[in-house]
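Some notes on the structure that comes next.
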Amino acid sequence: MLAARSTASRRSRHWHSPGYVAAPLMLAGLLLGSWTGPVREAEAATAVREPLSPRLPDGRQRAFPTAEGFGAGSLGGRGGKVIYVVNTNESGPGSLRGCVEASGPRVCIFRTGGTITLREKSLVVRNPFLTIAGETAPGGGVAIRNGETQIRPSIEISTNDVVIRHIRLRPGPHARKACCSGGLGMYSEAARDIMLDHISASWGSDETIDSEDASNFTWQWGITSEPLLKGGPGKDDRARNMLFTKGGNVSVHHSLFAFGRFRNPQIKMKTPGAVADVVNNVFFSPAWQYVVSFGDEWTHIQANVVGNYKIAGQKLRNDHMVQLFSESGLGHSIYVKDNYDEPYRTEPDQDDSLVLTEDQRRFVVKAPFKVPTVRTSAPMVAYDEVLAEAGATKPERDAVDKRIIEATKSRSGRLLKTDPRDVGGWPDLDAGTPYQDGDMDGISDDWEAKSGLDPANADDGRVDMDGDGWSNLEEFLHFMAGDPEGGDAGPTPDAQ
């Protein structure tokens, strides 16, 4: 069975006023006492974020130590071949496209940083079992952008078991009429068991991130920012961050949505009984048309909206945190708990339903829907954590994310009309120097030597030395990604 929500936190502070004056720090355990609903009481006694088990309750292996939500069991390229990405060419030998379009389980390891410009077509993941390990890139990391005539999302996923971590998607405007030019799209019922972690995405002309018919996926620890108001022909008056339609079972947690006045995200599922889980996100825009929204066009909507933090902006239509669109009469059942919603709910003892307009509060339910575990903090704790850790942080945050984070903290800036160059444009990412990997198994020689592996043996990357279900290559990727509970390939004490 799916696990109930767990609650834990590492630090906390008082709620503060819209004037944004931080109050003194408190003991996290004391604050959590006032924030813990009945479902989470048993696990809220500790103020320490407990490590997650490598195994999910259903027996599947977790994608990596910090993978949570509906996509946590994605296999990615586990056990597959290592494919080096050695250049930033759009296609050809050594390109990211070469890895994406290969067949069989595979892991894309980057030997260069820089920006990949797609002038001809998007990167389409048609073959399952793929890991794009952006955390391995040297220099300034890897970004992907679109040329003006490339009118599809930079990455399209139409298959199962895909893991993508620590990349930057900066598509930009287009010169030709387009339906869905953006950063990433998941399309078809085959798109399932997908984990999108620490991705930074901005400057989409429609939704920067979107899906149609995808199921069982997670967007976590991401930044979605500055969707364009006018991204190209037929794309006027937009500024929309994220849209997930049809399909079902969606987790969106610990992410920043900035400078998008609509769809942060918007979720309209189709699978009966599916659940959307929207947890510990931060929302900032100088103007709100709608913030988080749900539509019942295809099925009755079930959703949890828990522990999120919304910063007030100009009200264009409805600036409450949650908006429900009644499109078919199938209805909504929305569980809301512990959200901070300026100016409507700014104290923890206020009624939770205040994050909806009065006429929509009849759709609020008393009990949360069962979902895979997402470790959940009080909203002010989530605010600190998301601004510190979300987005593509490996090997470092780029200038775009640094600017977005500072604008969120200072509540400054405005929506971006058309041209990213108006806010600094695409950063020039350093290619850097890749780590030494003599046997080309994807693992650095230094890490192999430190972990008791053989830097000259290309086969030991597939071995699981400590018996936790992750191969040695995966343990190295956990280390490179900064997973606080990963990166140790040594034998377990019982094995010594």
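Structure values in brief
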read-out: q = 0.25 Å⁻¹, the range 185-272: log10 I(q)/I(0) [Debye, one scatterer per Cα]; value: -1.20
read-out: Efficiency of FRET between R414 and R60 - r from beta-carbon atoms, R0 35 angstrom, step 0.05; value: 0.20
read-out: Distance in nm between pseudo-label sites at D236 and K177 (7 Å out along the Cβ direction from Cα); value: 1.4
read-out: At 1.002 mPa s and 20 °C, Stokes diffusion of the chain via Kirkwood alpha-carbon radius, µm² per second; value: 95
read-out: Positive-end residue of V107, S122, L324, charge dipole of the chain with Cβ unit charges; value: L324
read-out: Simple Cβ-charge dipole of the chain, Lys/Arg +1 and Asp/Glu -1, about Cα centre, in debye nearest 20; value: 1760
read-out: Dipole-positive endmost among V381, A303, S95 within the chain (Cβ charges, Cα centre); value: A303
read-out: Cα-based shape type of the range 217-315, given that a ≥ b ≥ c are square roots of the gyration tensor eigenvalues and the cut on a/c is 1.5; value: oblate
read-out: Extension reserve of the E120-R462 stretch, reckoned as 0.36 nm per residue once the Cα distance is removed; value: 119.6 nm
read-out: Taking the range 42-177 and dividing mean pair separation by its residue count, relative contact order in percent (alpha carbons under 8 Å, at least six apart); value: 20
read-out: Burial order of peptide ranges 433-442, 138-147 (average beta-carbon count within 10 Å, highest first); value: 138-147, 433-442
read-out: Sum of -39500 (n - 2.57) over DSSP H runs of 4+, divided by residues of the chain (222 nm, nearest 500); value: -3000 deg cm²/dmol
read-out: Set K337/K409; K177/K402; K121/K177; K81/K394; K268/K370; K370/K394 screened for pairs whose C-alpha atoms are more than 21 Å apart; value: K337/K409; K177/K402; K81/K394; K370/K394
read-out: Net lengthening on full extension, L316/A399 (0.36 nm per residue, minus Cα-Cα); value: 26.9 nm
read-out: For peptides 222-230, 115-123, sequence by mean Cβ density within 10 Å, most packed first; value: 222-230, 115-123
read-out: Protein accessible area in the chain, 1.4 Å probe - carbon and sulfur %; value: 51
read-out: For the range 434-441, Karplus couplings with θ = phi - 60° (6.51, -1.76, 1.60), whole Hz, Gly/Pro x; value: x, 5, 6, 8, x, 8, 6, 9
read-out: Sorted peptide list for 168-180, 68-80, criterion being average Cβ within 10 angstrom, highest first; value: 68-80, 168-180
read-out: Derived scalar couplings ³J(HN,Hα) [the range 335-341; Karplus, 6.51 cos²θ - 1.76 cosθ + 1.60; whole Hz; x for Gly, Pro]; value: 9, 10, 7, 6, 8, 9, 9
read-out: Amide hydrogen neighbours beyond the local backbone of I155, cut-off 5 Å, H modeled; value: L123, L184, G185
read-out: Beta bridges per DSSP with both ends in the chain, % antiparallel, nearest 5; value: 5
read-out: Rounded to whole Hz, the Karplus (6.51, -1.76, 1.60) HN-Hα couplings of the range 279-294, x for glycine and proline; value: 9, 6, 9, 10, 10, 9, 7, x, 8, 10, 8, 8, 9, 8, 9, 10
read-out: Whichever aspartates and glutamates have a C-alpha closer than 18 Å to that of K230, once near sequence neighbours (fewer than 8 apart) are set aside; value: E148, D206, E207, D210, D419, D422
read-out: Per-pair calculated FRET efficiency, R0 = 25 Å: S91 and T149 via Cβ, rounded to 0.05; value: 0.95
read-out: 5 angstrom amide H check on G147, placed H, neighbours 5+ away; value: L118, R119
read-out: Size of charge dipole - the range 334-382 - debye, nearest 20, with Cβ of Lys, Arg +1 and Asp, Glu -1, no other charges; value: 400
read-out: FRET efficiency estimate (nearest 0.05) - Cβ-Cβ, D428 to S326, R0 41 angstrom; value: 0.30
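The values are calculated or read from the model by the stated rules, or taken from the named source; none is laboratory data. Please read all numbers here as calculations on a predicted model, not as lab measurements. Note: ideal-geometry Cβ built from the backbone for every residue, glycine included; neighbour counts use all protein chains shown. To get the accessible areas, we keep the full protein, side chains included, count just its heavy atoms, and leave off ligands, DNA and RNA. Shrake-Rupley method; radii C 1.70, N 1.55, O 1.52, S 1.80 Å.
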